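Novice: If you scroll down you'll find the structure; I have some questions about it.
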Amino acid sequence: MAKVLINKYDKFLIKDLNKDFHTKYGFFKKEDLKKKTGSKLVSNTKKEFTVFDPYFIDLYKKIKRDAQVIPLKDIGLIVAETGINSSSEVIDAGSGSGALCCFLANIVKEVTTYEIREDFIKIVKHNIDFLSLKNVKIKNKDIYEGIDEKNIDLVVLDLPEPWKAIESAKKALKTGGFLVSYSPSVPQTADFVNEINKNESFVHVKTSEIIEREWEINGRKVRPRSQQIGHSGFISFARRI
Ligand code: SAH
């Protein structure tokens with residue numbers, strides 16, 4: 001059980017409702033934290049916040065992050081272009097902190113995530129538990145050596161050498177299924193797409209980079225926020241034929 005406290009100036013996720021919650025706006029008594037969604041809570045310094053039960057995204061933004069995780073803008077494109085839904089079966093590799101894996105698990109039927117490093121698997125397990133996800137399987141395996149699952153709708157790669165997973169993906173995917181690769185650099189992206197182009201079993205659909213510009217709006221002071229995400233990665237989409 002967790003709660004969100006929000007007002008126009010700030011937002012907090014409270015994970016432990018059994019002790020008073022201290023903020024720079026004063027503290028909130030533990031008896032108040034359990035009040036129902038929509039209640040107004042007032043701190044000891046008379047600052048008012050609204051309390052609500054967290055949505056998935058409120059918890060997701062607080063997961064542990066160790067490896068470089070895919071930003072939301074890029075996950076958005078993967079979800080939109082593949083149209084995955086509650087009947088989709090997905091393979092994810094490598095798990096890293098499990099950010100992409102967990103986000104997809106909230107949408108699809110099942111995600112199986114492959115990761116070679118045990119220290120990352122611990123983080124993924126922690127995050128799955130924190131988000132109460134019941135549809136994730138973790139495999140401590142090298143995806144370049146093969147994928148055990150069959151009839152998969154989407155294989156997503158976030159790996160240093162994604163072209164080495166093309167053969168594994170080929171055997172796992174349904175005809176028409178998607179192979180998506182996310183890479184931070186141009187040579188990795190080119191090597192992956194060139195391999196796809198040579199492969200009779202795949203069609204390259206497109207490669208894109210998403211540039212998001214967040215704006216600050218305060219009266220007539222309307223301008224792009226000064227701190228933005230710089231470059232994250234290129235996303236390549238292919239289909240199994
Ligand atoms: N998409 C992840 C981040 C992935 S970072 C997220 O959103 O959190 C890349 C991960 O791939 C690392 O954890 C690395 O250990 C793992 N990895 C590298 N090669 C691999 C392989 N051959 N098979 C499985 N995992 C691999």
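Novice: Charges at C-beta only: +1 for Lys and Arg, -1 for Asp and Glu. How large is the resulting dipole of region 31-174 about its Cα centre, in Debye rounded to 20? Intermediate results must be reported in sequence, preceding the final value.
Specialist: Values: 24 positive and 23 negative charges, 124 e Å.
The calculation lands at about 600 debye.
Novice: Now a separate question. Based only on Cα atoms, what mean projected area does the convex hull of the chain have, in nm²?
Specialist: Working: hull surface 61.3 nm².
Spelled out: convex hull of the Cα atoms, projected over all directions, averaged, 15.3 nm².
Novice: Kindly rank 33-40, 194-201 from highest to lowest mean number of other beta carbons found within 10 Å of each residue.
Specialist: Values: 33-40: 12.4, 194-201: 14.8.
Ranked by mean Cβ neighbours within 10 Å, highest first: 194-201, 33-40.
Novice: Shifting gears a bit: How big is region 3-54 by the Kirkwood estimate over distinct Cα pairs, in Å?
Specialist: 10.6 Å
Novice: Would you work out which of Ala165, Thr45, Gly146 lies farthest towards the positive end of the dipole of the chain? Charges go on Cβ: Lys and Arg +1, Asp and Glu -1.
Specialist: Result: Thr45.
Novice: Now for a different question. Among DSSP beta bridges lying fully in region 59-240, give the percent that are antiparallel, nearest 5.
Specialist: 45 percent
Novice: For Lys137, enumerate residues with amide H under 5 Å from its amide H, sequence gap 5+ or separate chain, H modeled in the peptide plane.
Specialist: Val111, Thr112, Thr113
Novice: For the chain, which longest stretch is free of loop sites, where a loop site is one of the chymotrypsin sites (Phe, Trp or Tyr not before Pro) that DSSP puts outside H, G, I, E and B and that has at most 16 other Cβ atoms within 10 Å? Walk me through the intermediate numbers first.
Specialist: Values: sites that count: Tyr9, Tyr55.
The segment 56-241 is the longest one with no such site.
Novice: Leaving out ligands, DNA and RNA, and with a 1.4 Å probe, what % of the accessible surface on the chain is carbon or sulfur?
Specialist: Working: 6690 of 13380 Å².
Roughly 50 percent, rounded to a whole number.
Novice: Follow-up question, since we're still on this one. Given Cβ point charges of +1 (Lys, Arg) and -1 (Asp, Glu) and nothing else, what value in debye, to the nearest 20, does the dipole of the chain about its Cα centre take? List each step's numbers first, then the result.
Specialist: Numbers: 41 positive and 33 negative charges, 291 e Å.
For this selection, approximately 1400 debye.
The values are calculated or read from the model by the stated rules, or taken from the named source; none is laboratory data. Only a predicted model underlies this, so the values are computations on that prediction, with no experimental measurement involved. Glycine also receives a Cβ, built like all others from the backbone with ideal geometry; neighbour counts cover every protein chain displayed. Note: accessible area is taken over every heavy atom of the protein model, side chains too, but ligands, DNA and RNA are not part of it. Shrake-Rupley method; radii C 1.70, N 1.55, O 1.52, S 1.80 Å.
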